[in-house]
Amino acid sequence: MTQGTLNLDVRQAGSASILDVKGDITSSSEQTLMDAYTQAGNARSIILNFSGLEYMNSGGIGLLVTLLVRANRQKQKLLAFGLTDHYKEIFELTRLDEAIAIHNSEQEAVAAA
């Protein structure tokens, strides 16, 4: 699933779906991100693996908010891991860290899911 410079692989881990992010998340990534979310199905939790994230701008942050709204409507938890210190700080500044639980590893995120 590729559009622009974002590639997302979807895999299962128990009752959670993990979206492996590779590349950039910008406003042009909407279709790719939403297709991956649809592919994740009715998982109880959606885990975003940001270890392959190269770049994210304000348009990408906006897409994460859109994804959060969709997940909340489906009563799904949204979790994340693999964020660099830079992007952890951005999550804190935008208060996304209050809505998307940030974990240090995939194992922690899966356990929390």
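The values are calculated or read from the model by the stated rules, or taken from the named source; none is laboratory data. Everything quoted here is computed from the prediction, not taken from an experiment. Using ideal geometry, Cβ is built from the backbone for each residue, glycine included, and neighbour counts are taken over all protein chains shown.
Numbers below:
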item: Wholly enclosed strands (runs of 3 or more DSSP E) of region 1-93 bearing at least 1 residues closer than 14 Å to Ala113 by Cβ, out of contact with any helix residue (DSSP H, G or I) (no Cβ under 9 Å at 6 or more places or on another chain) and modelled with pLDDT of 95 or more; result: 6-13
item: Residue pairs meeting the criteria (Cβ under 8 Å; at least 6 apart or on separate chains; first over 24 Å from Gly62 (Cβ atoms) and without any contact (Cβ under 8 Å) to a residue 60 or more places away in the chain, in region 7-25; second among the hydrophobic types (A, V, I, L, M, F, W, C) and not in a strand (DSSP E or B)); result: Gln12/Ala43
